[in-house]
Amino acid sequence: MQPRRFVVRQRRQDTSDTATYVLEPLDGRPLLFTPGQFTMLGRLGTGEVPISISGDPASPLLVHTVRDVGGATHLLLQAQVGDVLEVRGPYGTGWRVGDGRGGDVLVVAGGIGLAPLRPAVLDLLAHRDDYRSAVVLYGARSPTDRLYPDELEAWSSRGVDVQSIVDHGTPDWPGRVGLVTSLLAGAPVDPASTLALVCGPEVMIRYVSRSLVDLGVAPDRIRVSMERNMKCGVGLCGHCQLRGLFVCTDGPVLPYSAVAPLIAIREV
Ligand SMILES: Cc1cc2nc3c(=O)[nH]c(=O)nc-3n(C[C@H](O)[C@H](O)[C@H](O)COP(=O)(O)OP(=O)(O)OC[C@H]3O[C@@H](n4cnc5c(N)ncnc54)[C@H](O)[C@@H]3O)c2cc1C
């Protein structure tokens, strides 16, 4: 529960409301994590919020991508290079990408949902030969809302089939327009041997997961990352509780088979 201090080494404005921070531990000890985990992140003296780790698990630096949606994230995004942030964690479950070895891995991301999935993709790339096909389907609101556009191209050139789609195109957007669900049926994977990793707005998770089941992917081979309001991050306060599940400790990455009956429960 004791926060550690990290200094901001880089700050990159990704989109109009989202920025990526590269953080270095002041005590010199790298924060070891598994793809899919999150930290409780905050500026000194202000609130902390759960933010997924979006960096490379093999790097000693900690990377977070933050979208400005309210009070705490707005304050967080005021942090500039040289400022100090407080970090608790890492917490929660991971994607366990390695369970897809020998078969196909299908990553489906919506909006900021690509951030928690980025470490999984980097892990896939590091062991690309262990998997038959690796596919990333990414839906964003508009071309300029796409995260990490340069990396998406780099992933393509390294053996990952990356397909992007936007809700609203622009005259210079050469790609597809529509919802990410429309890419699922054409994804070059064999549903019977696919591990699917899904993150995005809850409504997107619901539709994507149902479509994947319809296509023949087993519900326990679909992993989703749930985002619920959290306070403690360690299973004490109950803010993120969904019936018997604590999203912070049982999740955030959960099999769709466990989440399907709960996903319609609204947050209070
Ligand atoms: C495990 C986990 C990982 C997350 N990873 C990231 C990440 O990598 N990057 C990122 O930008 N955000 C991430 N979030 C969401 C982030 O924690 C919330 O956006 C943040 O807590 C909102 O706090 P606020 O004070 O800025 O906004 P508030 O003023 O509290 O809320 C503003 C709006 O955002 C909604 N909101 C608040 N908390 C959440 C939440 N947890 N999920 C969805 N909507 C919420 C509120 O209902 C409200 O509509 C993650 C959340 C969880 C639980």
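With the simple spin-label model, which puts each label point 7 Å out from Cα in the Cβ direction, the R128 to S142 separation comes to 3.3 nm. Accessible surface of segment 1-157, 1.4 Å probe: 50 percent of it comes from carbon and sulfur atoms.
Going by a ≥ b ≥ c, the root eigenvalues of the Cα gyration tensor, does segment 4-91 fall in the rounded group (a/c under 1.5), the prolate group (a/b larger than b/c) or the oblate group?
Numbers: a/c = 1.41, a/b = 1.32, b/c = 1.07.
It comes out rounded by the Cα gyration axes.
Converting the Cα gyration tensor eigenvalues of the chain into ellipsoid dimensions via √(5λ) gives semi-axes, longest first, of 28, 21, 18 Å. Across segment 135-141, coupling constants 3J(HN,Hα) worked out from phi with the 6.51/-1.76/1.60 Karplus curve, θ = phi - 60°, read 10, 10, 10, 10, x, 9, 5 Hz, and Gly and Pro carry x. Compared with the dominant principal axis of the Cα atoms in the chain, helix 202-215 is inclined by about 30°.
First check a/c for segment 97-225, with a ≥ b ≥ c the square roots of the eigenvalues of its C-alpha gyration tensor; if it is under 1.5, answer rounded, and if not, answer prolate when a/b is larger than b/c or oblate otherwise. Could you put the intermediate results ahead of the total?
Values: a/c = 1.74, a/b = 1.26, b/c = 1.39.
The shape class here is oblate.
Under 10 Å, Cα contacts only: if you run a Gaussian network model on the chain, which one of L41, L197, L125 comes out with the highest mean-square fluctuation? It is L125.
Just reorder R221, R128 by solvent-accessible area, largest first, 1.4 Å probe, all chains present.
I get R221, R128, largest accessible area first.
Report, in deg cm²/dmol and to the nearest 500, the calculated mean residue ellipticity at 222 nm for the chain, where each DSSP H run with n ≥ 4 adds -39500 (n - 2.57) and the sum is divided by the residue count. Helices in the chain give a 222 nm mean residue ellipticity of -5000 deg cm²/dmol.
Would you list Y207, Y91 from the most to the least accessible area, probe 1.4 Å? Don't skip to the end; give the middle numbers.
Numbers: Y207 125, Y91 35 Å².
Result of the area sort, largest leading: Y207, Y91.
Most simply put, the chain has about 60% antiparallel DSSP beta bridges, counting only bridges with both residues inside it. Note on the chain: GNM, Cα springs under 10 Å; of L62, L245, L114, the largest mean-square fluctuation is that of L245.
In this view, the solvent-accessible surface of S16, computed with a 1.4 Å probe and all protein chains in place, comes to about 110 Å². Here the spin labels are modelled as points 7 Å beyond Cα on the Cα-Cβ line, and at T46 and H168 they lie 2.7 nm apart. Per-residue 3J(HN,Hα) values for segment 4-20, derived from phi via the Karplus relation 6.51 cos²θ - 1.76 cosθ + 1.60 with θ = phi - 60°, read 9, 9, 10, 9, 6, 8, 9, 9, 10, 7, 7, 9, 4, 10, 9, 9, 10 Hz in sequence order (x marks Gly and Pro). The GNM of the chain, with springs linking C-alpha atoms under 10 angstrom apart, assigns the highest mean-square fluctuation among D150, D17, D214 to D150.
The values are calculated or read from the model by the stated rules, or taken from the named source; none is laboratory data. The structure presented is a predicted model; accordingly, all values stated were derived computationally and were not measured. Because the Cβ atoms are built from the backbone with ideal geometry, glycine has one as well, and the counts that use them run over all protein chains shown. Areas reflect the complete protein model, heavy atoms only, side chains present, ligands, DNA and RNA absent. Shrake-Rupley method; radii C 1.70, N 1.55, O 1.52, S 1.80 Å.
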